[in-house]
1. Considering only PRO272, GLY20, VAL36, whose Cα is most displaced toward the positive end of the charge dipole of the chain, charges sitting on Cβ of Lys, Arg (+1) and Asp, Glu (-1)?
2. Given a 1.4 Å probe, how much area per residue of the chain is accessible, in Å²?
3. Could you give log10 I(q)/I(0) at q = 0.19, 0.24 Å⁻¹ for the stretch 57-154, computed by the Debye formula over C-alpha point scatterers of equal weight, without solvent?
4. Under a point-charge model restricted to the Cβ atoms of Lys and Arg (+1) and Asp and Glu (-1), what is the dipole moment magnitude of the chain relative to its Cα centre, in debye to the nearest 20?
5. Would you compute, from DSSP H runs of 4+ residues alone, the mean residue ellipticity of the chain at 222 nm, taking -39500 (n - 2.57) per run and dividing by the full residue count, rounded to the nearest 500?
6. Measure nothing fancy, just the Cα-based angle from helix 427-437's long axis to the longest principal axis of the chain, in degrees from 0 to 90, nearest 10.
7. What's the Kirkwood radius of the stretch 132-212 in Å, using all Cα pairs?
8. Could you work out, for the chain, what percent of all Cα-Cα pairs fall into each 20 Å distance bin, beginning at 0 Å and stopping at the bin that holds the largest distance?
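The values are calculated or read from the model by the stated rules, or taken from the named source; none is laboratory data. Remember, predicted model here, so these are calculated numbers, not experimental data. Because the Cβ atoms are built from the backbone with ideal geometry, glycine has one as well, and the counts that use them run over all protein chains shown. All accessible areas refer to the heavy atoms of the entire protein, side chains included, with ligands and DNA or RNA removed. Shrake-Rupley method; radii C 1.70, N 1.55, O 1.52, S 1.80 Å.
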Amino acid sequence: MENSSNLYAAFKAKDTRFDGRFFVGISTTGIYCRPVCRARQPLEKNCTFFTTAAEAEQAGYRPCLLCRPELAPGTSKTDANADLVYRAGRMLEENCGNGLSLEALAKRLGCTDRHLRRVFTAEYNVSPVQYLQTCRLLLAKNLLTDTKLSVLDVAMAAGFGSLRRFNDVFKKHYGLSPTDLRKQVSEEKRYNGDVTVALGYRPPYRWEEMLNFLAARTIAGVDSVRAGAYWRTAHFVTAENKHVYGWLRVARHKKKDALVVTVSESLLPVLPRVLARVRHLFDLYSDPDVIYQTLSAMNDIRPGLCVPGLRLPGSFNAFEMAVRAVLGQQITVKAASTLAARLTAAFGIPVNTGQDGLTHVFPSPAEILALEGPIESHLGPLGIIAARAKTIYELARAFAEGEIEFNLPASPEEEMKKLMAIRGIGSWTAQYIAMRAMEWPDAFLETDIGVRKALAPHTPKELLKMAEAWRPWRSYATINLWNAL
């Protein structure tokens, strides 16, 4: 943690660059706030600074009802000294609703639960279990404030397992019952209809550029961009092996630095996983100020080549995105979308969402592997050449057997090597998949037509040398170059 005087100065200035990077406990009120809170400024002597919301809660502070710490942006990867701890925190957030044990989490991360507990506590000053409990409490607080879900539904969605346990933990930590909290929120402030929650980000955020990128790559039946919002279908398998289908909508909040996410009630059992996917797709963990400090040098090449606040589009469904990357090899973005739509119509699962244009979920790896006979006999009639059909089949097998780690891998470079071992996947495709599915911030596509056009007349070899100055944010540099065309 930085010098407290510097943190107090950032708190006093309401500096949005620090939102989510620390929290402020105020001894005179017993609450903790985000550094952007607009409540009356407390004296510095009454402030204690914490790295995470969980640390503030373990110190006995309750979340502020005005600035709502549950809306703070997630921890940026640049904030974590230990990559293992960062990945553990993200997995705890995503799995807070499904009872993931510390032992299972450590196994997925390739370490012992004892080691994970030690490094996590050293980095965040709370144990993984305490961090998980705060994730559940803040998600519950978000749902109580912004939705009309019953308290029981909130308890289940946030992963508490029972109403009694939820009431006990909530009252112990926040000093009031869930029902008491809801009474303090006016009925008008709650969204009507489907479940709607807000997810914060650090400004600036180039929302239109993000929507334009996604709009050019939508798959008919699966997702769409209309009326300033992104819509898509979703499919999850619960811990009990139950298949859950639904839809979601993501739009920009009109007044806050946040996105508004609306999901069908059918997705409530997997809500934390849905929200984690949305954060990944829209790059809500990003710290645009840190990235721009490095990439602003691009403007020395040509003014306006890099703009602050541009996000790296992630993926909601890693397999869907990877298949689309394979389909897009050496053809236009529009043509790849057409092939993906045919694949979906032929082998995707029809869903009744009640929403215009949302009719199917993209075929899963298991559905591709279940096709009998040569894969090219199934995909060939759709216009997919035999070589790419075989690549898609091998990609499905790698997903199904867990040969490649797509969820925040410890070493994206190693996973890219595994990808390139699949016939039909070269450097461009592997880096593109790593950039969007694995959140790899340092991919650079020096052979990409768009990148070469934006930096003409340089050769790929010259581009690689030039891009060394943009590490570790070359993925963001790539997006800036595409948008500059």
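1. So the residue we want is VAL36.
2. Normalised by residue count, the accessible surface of the chain is 43 Å².
3. For the requested q values the scattering log ratios are -0.98, -1.34.
4. For this selection, approximately 960 debye.
5. Value at 222 nm, helices only, nearest 500: -13000 deg cm²/dmol.
6. It works out to around 30 degrees.
7. Its Kirkwood hydrodynamic radius stands at 13.8 Å.
8. For the chain, the binned pair fractions read 23, 57, 20, 1 percent.
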